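Written below as structure tokens is the structure these notes are about.
Computed from the coordinates by the stated procedures, all read-outs in this text should not be read as laboratory data. The model shown is predicted, which means the values in this text are computed figures rather than measured ones. Positions of Cβ are backbone-derived with ideal geometry, glycine not excepted, and every protein chain shown enters the neighbour counts.
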Amino acid sequence: MEGVVTKSTGSWYMVKTKSGKSIDCRIRGKFRMSGIKSTNPVTVGDIVDFDMEQDSENGIIMNIHNRKNYIIRKSVNLSKQTHIIAANIDQVFLLVTIENPPTFTSFIDRFLATAEAYSIPAVLIFNKIDLYSKELLAKKQALEKVYRNIGYECLDISATEKINIDKLKIIMEDKVSMFSGHSGVGKSTLINAIYPELNLKTTEISTQHKQGQHTTTFAEMFSLPFGGYIIDTPGIKGFGVVDFQKEEIGDFFPEFFALKQHCKFNNCLHVNEPHCAIKDALKKGEIAESRYISYLQLLEGEHENYRVDYYQ
Ligand SMILES: Nc1nc2c(ncn2[C@@H]2O[C@H](COP(=O)(O)OP(=O)(O)O)[C@@H](O)[C@H]2O)c(=O)[nH]1
Ligand SMILES: [Mg+2]
Ligand SMILES: [Zn+2]
């Protein structure tokens with residue numbers, strides 16, 4: 001039988017089948033995933049094949065399907081090992097507010113580059129649009145133009161006034177989604193607007209985790225009444241860990257990637273090199289200055305303390 005792992009404790013896995021049944025499963029022996037040194041072989045979001053144990057309500061996971069993507073966290077004690085937080089994420093939403101709190105482009109761009117590195121499509125949600133003055137609305141529109149031009153979907157939302165919640169639900173339908181953004185941007189309020197019962201659940205879980213002695217936290221997938229899932233990652237503040245190599249950072253800026261074949265040097269870092277297509281485009285205004293500045297910051301490694309809040 002086939003199912004998706006919606007919850008894990010490290011030794012048990014909750015597997016939900018297509019018919020909607022949830023089965024407690026465990027794994028037998030050791031799974032070896034090629035290329036990944038991980039403390040947990042099976043993670044939330046994994047599609048697995050399982051057999052039922054004899055005379056039991058429980059299953060045994062026999063096989064994990066190839067992951068289309070996954071996010072990781074480095075293990076604290078085993079330096080080379082990683083903990084896979086979740087797999088097969090269809091999209092990640094970054095909540096952005098122009099004010100209260102401000103979300104800076106450097107933060108947005110680091111987030112988007114990380115999502116690109118993980119191969120997870122990212123959507124920008126501009127929340128609290130009910131609050132914005134004419135001036136701030138113009139600022140928001142200018143930002144949206146920058147991101148739409150390079151292929152990112154942007155959505156205006158008011159979580160409190162319930163503006164465009166239906167549009168968001170359509171984007172989320174039948175997909176596995178994650179939400180992130182600075183503290184105070186309205187993640188909890190938005191989740192509440194989408195599906196009130198879910199918020200109750202996640203609050204309970206966060207509390208439970210705080211009381212627990214173990215710092216290990218496991219993600220959980222919550223199914224949505226209109227189809228699809230939200231992945232909750234209690235206690236995990238980073239969008240995983242990406243160790244960017246200088247030469248590859250440009251590849252995670254789609255508008256840079258599209259032009260780099262025209263740079264004179266194929267290892268061009270787009271800083272001081274002559275005949276650089278990216279700098280030419282910047283001069284012509286075809287690449288946004290804010291994006292180029294964010295790129296330079298990543299290149300200089302100013303991302304070490306980068307943290308993204310999840311929606312708890
Ligand atoms: N005016 C307005 N306030 C909002 C909106 N969304 C959230 N808020 C407020 O922003 C504050 C932080 O929201 P919260 O959901 O706790 O943010 P979180 O830290 O991202 O989970 C709360 O006071 C919310 O009522 C919105 O769309 N409009
Ligand atoms: Mg919150
Ligand atoms: Zn270049």
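Residues 51, 232, arranged from fewest to most other Cβ atoms within 10 angstrom of their Cβ, appear as 51, 232.
Does the stretch 43-164 classify as rounded, prolate or oblate by the C-alpha gyration tensor (a ≥ b ≥ c root eigenvalues; a/c under 1.5 gives rounded; else a/b over b/c gives prolate, otherwise oblate)? Taking the square roots of the gyration eigenvalues as a ≥ b ≥ c, the stretch 43-164 is prolate. In this simple spin-label model, placing a label point 7 Å from the Cα along the Cα-to-Cβ direction at both residue 81 and residue 197 gives a separation of 3.7 nm. With 24 Å as the limit, write out which pairs from 68/279; 139/187; 167/260; 134/283 have Cα-Cα distances beyond it, or answer none. Where the Cα-Cα span goes over 24 Å, the pairs concerned are 68/279; 167/260; 134/283. With only Cα atoms counted, the stretch 91-232 has Rg and Dmax values of 15.5, 49 Å.
Here the spin labels are modelled as points 7 Å beyond Cα on the Cα-Cβ line, and at residue 55 and residue 258 they lie 6.4 nm apart.
Annotation: extensible slack from residue 130 through residue 280 equals 50.2 nm (criterion: 0.36 nm per residue apart, minus Cα-Cα distance). For the stretch 60-146, the list of chymotrypsin sites (Phe, Trp or Tyr not before Pro) that fall in a loop by DSSP and count at most 13 other C-beta atoms within 10 angstrom reads 104.
Run the paramagnetic zone check for residue 139: 7 angstrom along Cα to Cβ, then residues of the stretch 79-116 with backbone nitrogen under 18 Å. Of the residues in the stretch 79-116, 95-109 have backbone N under 18 Å from the label point off residue 139.
The residues 275, 83, when put in order of fewest to most other Cβ atoms within 10 Å, stand as 275, 83. Stretching the chain fully between residue 155 and residue 2 yields a gain of 51.6 nm (0.36 nm per residue, less the alpha carbon separation). Going by a ≥ b ≥ c, the root eigenvalues of the Cα gyration tensor, does the stretch 246-299 fall in the rounded group (a/c under 1.5), the prolate group (a/b larger than b/c) or the oblate group? Since a/c stays below 1.5, the shape of the stretch 246-299 is classed as rounded. Each of 188, 177, 119, 11 was scored by other Cβ atoms within 10 Å of its Cβ. Listed from fewest to most, they are 11, 119, 188, 177.
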